[in-house]
Amino acid sequence: MNKHDYIIRRETSEDFLTVENLVRESFWNVYRPGCVEHFVLKCLRDAEAFVPELDFVMEKDGRIIGQNVFVKAEIRCDDGASFPILTMGPICIAPEYKRQGYGKKLLDYSLEKAAAYGAKALCFEGNIDFYGKSEFVVASSKGVRYHGLPEGADDSFFLCRELVPDALASVRGEYAPPRCYFVAEENPDAFERYEKTFPPKEKQVLPGQIF
Ligand SMILES: CC(C)(COP(=O)(O)OP(=O)(O)OC[C@H]1O[C@@H](n2cnc3c(N)ncnc32)[C@H](O)[C@@H]1OP(=O)(O)O)[C@@H](O)C(=O)NCCC(=O)NCCS
C-alpha cells in the first residue's frame, strides 16, 4: 500500500447497498455467528444522531474497500451535566485487504475530520491493539465509565480518544452507546427480513466471538 493507491470520500446514496454488502462481508462471523452490523449501518443513516458529514468510504482501484461512520453521543457527567461527544462505527475493511494498513489510514483520516467537525472526544467499544495505534486509550483512565458495567469488571474494551487535547480532563461520568446501535436486537423480524435480501452465507461459531 502507498498513499496514492486509495482515496477516502463521503458516502453517497448510490454506495449504500455496496457498503452494506462490504460491512456484512467484513463483520461476518467475527463477533458472533453471522453479523448484524450491515443492518445497524442501514438504520443508522436515518437516525437523528447520525453525522452525514462524517460518513466515509475508502476506494481502491474504483472499488469500495472500507467504510466508517460517526454518531452523536454524550457522557452523562456525575455532576448532572451532559458532555457531547461522538461515537464511531461500524468501521471495516474488506476481508482481502485487512492487516495491510488500510484500516489505520481510514481511521486516522476520519478522526481528523471528526476533530475538524468540532467534536472534542470520542467513546467507543473496540480492540486496543488496533485503536491504541491511533491514540485511543481505555476510557476509565480518563474517568469515563461504561453504562451497566459492574465495578471491577474488565473494561479494556471501552476506549476513548480526545480530539482536543485534555478535552476530558475535567469530565467524570458514564457513557452508554446510543439506542440506534441496538436496532437489530430490538427489531429481530425486520433484521431477518433484511438479512434475507442478501445471498445466503454460512454462520459459524468461532473462537473470539463475543455474542
Ligand atoms: C478492525 C479493522 C477495521 C482493522 O483494519 P485493518 O486494515 O485490518 O488494520 P491495519 O492493517 O490498518 O492494522 C494496523 C495495526 O493494528 C493492529 N490490528 C489490526 N487489526 C487487529 C486485530 N484484529 N487484532 C489485533 N491487532 C490488530 C495491528 O497491530 C496492525 O498492524 P500489523 O498488521 O502490522 O500488526 C479490520 O480488520 C476489520 O474490518 N475487521 C472486521 C470488522 C471490525 O472488527 N471492525 C471494528 C469493530 S470495533
Scanning region 33-47 for residues that are among the charged types (D, E, K, R) and touching a residue at least 40 places away in the same chain (Cβ under 8 Å), the one surrounded by the most Cβ atoms within 10 Å (Cβ to Cβ) turns out to be E37
Quick count over region 84-107, residues being closer than 21 Å to F157 by Cβ and either crowded, with 18+ Cβ neighbours inside 10 Å or more than 6 Å from the ligand (Cβ to nearest atom) (or both), is 12
For D78, the lone unmet condition from (1) within 21 Å of N187 (Cα to Cα); (2) more than 9 Å from the ligand (Cβ to nearest atom) is (1)
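Are any of the residues in region 113-120 of a type in the set (S, T, Y), within 15 Å of the chain's Cα centre (by Cα) and either surrounded by fewer than 18 Cβ atoms within 10 Å (Cβ to Cβ) or near the ligand (Cβ under 6 Å from one of its atoms) (or both)? Outline the logic, then answer.
Narrowing region 113-120 to residues of a type in the set (S, T, Y): 117.
Restricting the remaining residues to those that are within 15 Å of the chain's Cα centre (by Cα) gives none.
No, region 113-120 contains no residue that is of a type in the set (S, T, Y), within 15 Å of the chain's Cα centre (by Cα) and either surrounded by fewer than 18 Cβ atoms within 10 Å (Cβ to Cβ) or near the ligand (Cβ under 6 Å from one of its atoms) (or both).
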Within region 14-47, the residues that are in contact with a helix residue (DSSP H, G or I) (Cβ under 8 Å, 6 or more places away or on another chain), away from the ligand (no atom under 13 Å from the Cβ) and either over 18 Å from P199 (Cβ atoms) or of a type outside the set (K, R) (or both) are F16, E20, N21, G34, F39, C43, L44, R45, A47
The correct count of residues that are outside any loop (DSSP other than H, G, I, E, B), surrounded by fewer than 16 Cβ atoms within 10 Å (Cβ to Cβ) and basic (K, R) in region 128-172 is 1
Taking region 9-20 and keeping only residues that are touching a residue at least 40 places away in the same chain (Cβ under 8 Å) and open to solvent by 30 Å² or more (accessible area, probe 1.4 Å), one is left with R9, R10, T18
D79: passes all of (1) assigned to a loop (DSSP other than H, G, I, E, B); (2) open to solvent by less than 50 Å² (accessible area, probe 1.4 Å) but (2)
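Mind telling me which of the residues V71, V57, V30, V23 ends up being outside any strand (DSSP E or B) and buried (at least 17 other Cβ atoms within 10 Å of the Cβ)? Steps first, please.
Details: V71 fails: outside any strand (DSSP E or B); V57 fails: outside any strand (DSSP E or B); V30 fails: buried (at least 17 other Cβ atoms within 10 Å of the Cβ).
It is V23.
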Here the qualifying pairs (Cβ atoms under 8 Å; residues six or more apart or on different chains; first in region 82-102 and within 20 Å of N29 (Cβ to Cβ); second within 6 Å of the ligand (Cβ to nearest atom) and in a loop (DSSP other than H, G, I, E, B)) come out as G89/G126
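The values are calculated or read from the model by the stated rules, or taken from the named source; none is laboratory data. Bear in mind that the values here come from a model prediction, so they are computed numbers and not experimental data. Neighbour counts are summed over all protein chains in view; Cβ atoms, including those assigned to glycine, are modelled from backbone coordinates with ideal geometry. Just so you know, the surface numbers come from the protein's heavy atoms only, side chains and all, with ligands and any DNA or RNA stripped out. Shrake-Rupley method; radii C 1.70, N 1.55, O 1.52, S 1.80 Å.
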